[in-house]
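Written out below as structure tokens is the structure these notes cover.
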Amino acid sequence: MKLSPDETIFWQYGFFTINLTLVTTWALMIVLIVAARLITRKLSTGITISRWQCMLEIIVTGINNQIKDIGLKNPNEYIGFIGTLFLFIGISNLFIIFPGYTPPTASLSTTAALAISVFIAVPFFGISKSGLGGYLKSYLKPTFIMLPFNLISEASRTLALAVRLFGNVMSGGMIVAILLSISPFIFPVIMNVLGLLTGMVQAYIFSILATVYITAAVHDSKKTAKPELVTNNKTNNNG
Amino acid sequence: MDSTSLIAVASIVMAGFTTGIGCMMPAIGEGKAVASALSSLAQQPDAAPTITRTLFVGLAMIESTAIYCFVVSMILIFANPFWNHIIAK
């Protein structure tokens, strides 16, 4: 039994391999880009808008509201990153309705790449808000004794992000594959529906957690810069 | 018992225990979380979006422990390093 789509290799030359994960990821990116271009080519501001534009507006407004609810005041700065994460994971988990499709998120390499991009984005946003010194001082919160624990939580939550998404999607596919050999007709379909639900929930969770981590970094650094302005409640950010 | 069958037995039994215990404990935790979320929803229906979002994030955190156990038992069954070592010898 194949644990991940990494093991289906199409082409290999030395260090470079082209496997199913890469092919599906690029196909998904092409689908997303082409769809976005097609929909946004003829946007209208009139009373009647096309159905696709309505769908896109719902998605963008929803993501913006979620980001604002968590505590980032200006969601337009962050929707480029967080919305991309949500759309990519969501679409790649949604496409399991097509037969023969293996989601690229069922491979640990894809989810590790996504988690590492979150790992890089958190200091990026933190530094861009308050400078290098202000961000680095947020590691010394509440006292300098917490420095190693802050560093450990930084690494462990990245690992948790990657393994959580990978485990959920992989287990969905694995359960369907096992059930196909036991009761092949109706029951795998129900488990597939459950897989659709968990896929969307995992996409939501991944982007929400990324937002929470970014919010913590931005707010902590801001507290260092101007301690009298911020009175937010501290979100728990341990992965 | 030679070492090959010893490794096989230990891996399979421990895979079962890992998934079993790793399903039980997070299930209890998730049940408690959902129960308290429901009672607070009944008390304050206005706070539904916040409670639901926090509940989802918390449930995902709890459930990820179950997922870790599942991944470990999958590794024990399908990609066992000790088994591969014995087989390769």
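Would you grab the residues whose amide H sits under 5 Å from the one on A:I49? Only those 5+ places off in sequence or on another chain, please, with H modelled 1.01 Å from N.
Those qualifying (amide H under 5 Å, at least 5 residues apart or on another chain) number zero.
Cut-off under 13 Å on the C-alpha distance; same-chain residues fewer than 8 positions from A:K68 excluded. Which aspartates and glutamates are left, in chain and number order?
A:E77
Restricting things to Cα coordinates, could you compute the convex hull volume per residue of the range B:14-69 in Å³?
45 Å³
Could you calculate the FRET efficiency of A:E7 with A:R37 from 1/(1 + (r/R0)^6), where r is the beta carbon distance between them and R0 is 45 Å, rounded to 0.05?
0.85
Please give the charge dipole size of chain A, origin at the Cα centre, charges +1 on K and R Cβ atoms and -1 on D and E Cβ atoms. Round to the nearest 20 debye.
About 580 debye.
Using θ = phi - 60° and the Karplus curve 6.51 cos²θ - 1.76 cosθ + 1.60, what whole-Hz ³J(HN,Hα) does each residue of the range A:40-56 get, with Gly and Pro shown as x?
7, 5, 10, 7, 10, 10, x, 6, 9, 10, 6, 5, 5, 5, 4, 4, 5
Provide B:M74, A:M191 in ascending order of the number of other Cβ atoms located within 10 Å of each residue's Cβ, fewest first.
Final ranking by Cβ density, sparse to dense: A:M191, B:M74.
Could you go through the range A:70-76 in sequence order and give the Karplus-derived ³J(HN,Hα) for each residue, using 6.51 cos²θ - 1.76 cosθ + 1.60 with θ = phi - 60°, rounded to whole Hz, and x for Gly and Pro?
6, x, 8, 5, 10, x, 5
Counting Lys +1, Arg +1, Asp -1, Glu -1, what net charge surrounds A:L114 among other residues with beta carbon under 14 Å of its beta carbon?
Values: positive: A:R157, A:R164; negative: none.
Around A:L114, the surrounding residues sum to +2.
At a Förster distance of 22 Å, what's the computed FRET efficiency of B:A10 paired with B:I75, Cβ-Cβ distance as r, to 0.05? Provide the component values of the computation, followed by the final result.
Details: r = 14 Å, r/R0 = 0.62.
After rounding, the FRET efficiency stands at 0.95.
What does the convex hull of the alpha-carbon atoms of chain A project to on average, in nm²?
Answer in nm², one decimal: 17.4.
Using helices alone, I'd like the mean residue ellipticity at 222 nm for chain B: each DSSP H run of four-plus residues gives -39500 (n - 2.57), total over residue count, nearest 500.
Value at 222 nm, helices only: -32000 deg cm²/dmol.
So what's the back-of-envelope 222 nm ellipticity for chain A, counting only DSSP H runs of four-plus at -39500 (n - 2.57) apiece and dividing by all residues, rounded to 500? Can you show the working numbers first?
Working: 6 runs with 163 residues, N = 239.
Computed ellipticity for chain A at 222 nm equals -24500 deg cm²/dmol.
For A:K137, go through the aspartates and glutamates and keep the ones whose alpha-carbon is under 19 Å away, minus same-chain ones fewer than eight residues off.
A:E154, A:D220, A:E228
Can you tell which of B:Q43, B:M1, B:A33 lies farthest toward the positive end of the dipole of the protein assembly as shown, using +1 and -1 charges on the Cβ of basic and acidic side chains (Lys, Arg; Asp, Glu)?
Of the candidates, B:Q43 comes out farthest on the positive side.
By how many degrees, between 0 and 90 and to the nearest 10, does the Cα long axis of helix A:79-94 differ from the longest principal axis of chain A?
On a 0 to 90 degree scale, this one is about 20.
Give me the tail of P(r) for the range A:1-101 as a percent: Cα-Cα pairs with distance above 23 Å. If you can, show how the numbers build up before the last one.
On the way: 2281 of 5050 pairs.
Here the long-distance tail beyond 23 Å is 45 percent of all Cα pairs in the range A:1-101.
Once both labels are modelled 7 Å past Cα along the beta-carbon direction, what's the A:A155-A:L196 spacing in nm?
Distance between the two pseudo-spin positions: 4.2 nm.
Please arrange B:M1, A:M174 by counting, for each residue, the other beta carbons lying within 10 Å of its beta carbon, fewest first. Write out the running numbers ahead of the final one.
Numbers: B:M1 8, A:M174 18.
Lowest to highest Cβ neighbour count: B:M1, A:M174.
Under a point-charge model restricted to the Cβ atoms of Lys and Arg (+1) and Asp and Glu (-1), what is the dipole moment magnitude of the range A:24-136 relative to its Cα centre, in debye to the nearest 20?
260 debye
Sort A:T45, A:T211, A:T24 so that the residue with the fewest other Cβ atoms within 10 Å of its own Cβ comes first and the one with the most comes last.
Ordered from fewest to most neighbouring Cβ atoms within 10 Å, A:T45, A:T211, A:T24 come out as A:T45, A:T24, A:T211.
What FRET efficiency do you get for A:M29 and B:Q44 if R0 is 51 Å and r is their Cβ-Cβ distance, rounded to the nearest 0.05?
Values: r = 43 Å, r/R0 = 0.83.
According to the calculation, E is roughly 0.75.
Taking amide H positions as placed in the peptide plane 1.01 Å from N, state which residues far from A:N19 in sequence (5 or more) or on other chains have amide H under 5 Å from it.
A:F10
Report, as an integer, the average count of C-beta atoms from other chains found within 10 Å of each Cβ along B:64-71.
6
Can you compute 3J(HN,Hα) from phi for each residue in the range B:36-46, using the Karplus curve 6.51 cos²θ - 1.76 cosθ + 1.60 with θ = phi - 60°, rounded to whole Hz and x for Gly and Pro?
Going residue by residue, I get 5, 5, 5, 5, 6, 5, 5, 6, 10, x, 5 Hz, with x marking Gly and Pro.
Values in this text are rule-based calculations from the coordinates and carry no lab data. On a predicted model such as this, the values are computed, not experimentally measured, just so you know. Note that we place each Cβ from the backbone using ideal geometry, even for glycine, and neighbour counts take in every protein chain shown.
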